[in-house]
1. For the range 211-225, give me the residue count where each residue is surrounded by fewer than 19 Cβ atoms within 10 Å (Cβ to Cβ) and within 12 Å of ligand 2 (Cβ to nearest atom).
2. Hey, could you check the range 192-207 for residues that are small (G, A, S) and within 8 Å of ligand 1 (Cβ to nearest atom) and say which is surrounded by the fewest Cβ atoms within 10 Å (Cβ to Cβ)?
3. Within the range 165-175, does at least one residue satisfy the condition of being closer than 24 Å to A59 by Cβ and either away from ligand 2 (no atom under 16 Å from the Cβ) or at pLDDT 95 or above (or both)?
4. Could you look through the range 261-285, keep only residues that are surrounded by 14 or more Cβ atoms within 10 Å (Cβ to Cβ) and of a type outside the set (A, V, I, L, M, F, W, C), and pick out the one that is farthest from the chain's Cα centre (by Cα)?
5. Based on this model, can you work out whether M242 counts as surrounded by 13 or more Cβ atoms within 10 Å (Cβ to Cβ) and more than 13 Å from ligand 2 (Cβ to nearest atom)?
6. How many residues does the range 223-239 contain that are more than 12 Å from the chain's Cα centre (by Cα) and within 14 Å of ligand 1 (Cβ to nearest atom)?
Amino acid sequence: MTLTLADLGWSPYFQDQQDDPALHPMRLTSVTRSALIALGPDGSARLKPPSDVSTGDYAVGDWVLSDGDIAVHRLEPRSILQRRASGPEARSQLMAANVDTLGIVTACNADFNVARLERYVAMAASADCLPLVILTRADQVDDPDALRKQAEAISPIVSCITLDARDVAEVARLAPWCGDGQSLALMGSSGVGKTTLTNGLTGQSLATGAIREDDAKGRHTSTSRQMLRTLHGGWLIDTPGMRAVPLSEAADGIDAVFADLADLVTQCKFSDCAHESEPGCALQAGLKDGSIEPERYARWKKLMLEEAHNTATLAEARAKDKARQKQIEIGQARGRRKRGT
Ligand SMILES: Nc1nc2c(ncn2[C@@H]2O[C@H](COP(=O)(O)OP(=O)(O)OP(=O)(O)O)[C@@H](O)[C@H]2O)c(=O)[nH]1
Ligand SMILES: [Mg+2]
């Protein structure tokens, strides 16, 4: 089947960035340590990044301009989903690019957790993706609607669908989010049914794995991110289960999820109010008169502090990298002067 650029999600936003007609636009369907797998109207290709760039600087869903062998330019994405990478290094991990909707997958079991959902919604909001909570295993509880209401109460920007991910007819309700040129990325813990949904939406038979009976945790069956064409004419990005959702550079997303609290912050008497015991603190006043739920306030505060810390560490690491690079360049220039080249 021949795909057009529009089928792949191309738009004037990317067209405006194409300044070299000799290069071909392609969309990345998979990113490995050694290669970028890309799809274009002429089929798929295995590309390399330019010599000074690593494949970790690309995300599944990215648009690149290719010469057939090398991804010469990475086009500025319209949206990028990222989190702080796990491990001691201060790095941000690119998870998916040019996604229209983030499908936040959770199940009607022990995985359901409002604090975690808030993190995903903040991640989506800060990337300008629509947050859609997909609540699987609706077949295993009496009242999935009670959980749906809890998810939708997180923020007016959240919609939620409950379903049995194994039922292909039910899964087709997700078609509006992954039809013509639309991209839907699925994220969530291991075992919540991301790949089961992917199979239902794409007609593929990717491996799925049963969850543990005692704590409902999955076994990390999927190990890589990949973008697949859906039966509805759009794109779906399946991802491996995530153990944690550490946010960085997502302050605007947190403000979007907790818009009411973010509004109140502007009414505090002092601009550097820590919302603890300062006089004239609008948040403490809200807690006192019962208009703010204490648990939600505590989750907001924890997320704000963590995000600020992660963003600062990232900025510091980038500044150090820049300084190191500068020293290398100075050293190289000195060497060249000495050699008279
Ligand atoms: N009863 C029921 N079982 C489901 C549902 N969704 C998924 N499952 C089962 O849950 C198990 C895990 O599903 P997967 O699709 O592998 O989960 P995943 O989110 O891709 O997991 P990882 O790849 O490990 O991140 C499989 O045995 C599925 O058949 C559902 O809605 N209802
Ligand atoms: Mg999976």
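The values are calculated or read from the model by the stated rules, or taken from the named source; none is laboratory data. Bear in mind the structure is a predicted one, so any value in this text is a computation, not a measurement. Don't worry about glycine lacking a Cβ; one is built from the backbone with ideal geometry, like all the others, and counts go over all protein chains shown.
1. 5
2. Ranking the candidates gives A207 first.
3. yes
4. E278
5. No: the conditions fail for M242.
6. Adding up the residues that qualify gives 5.
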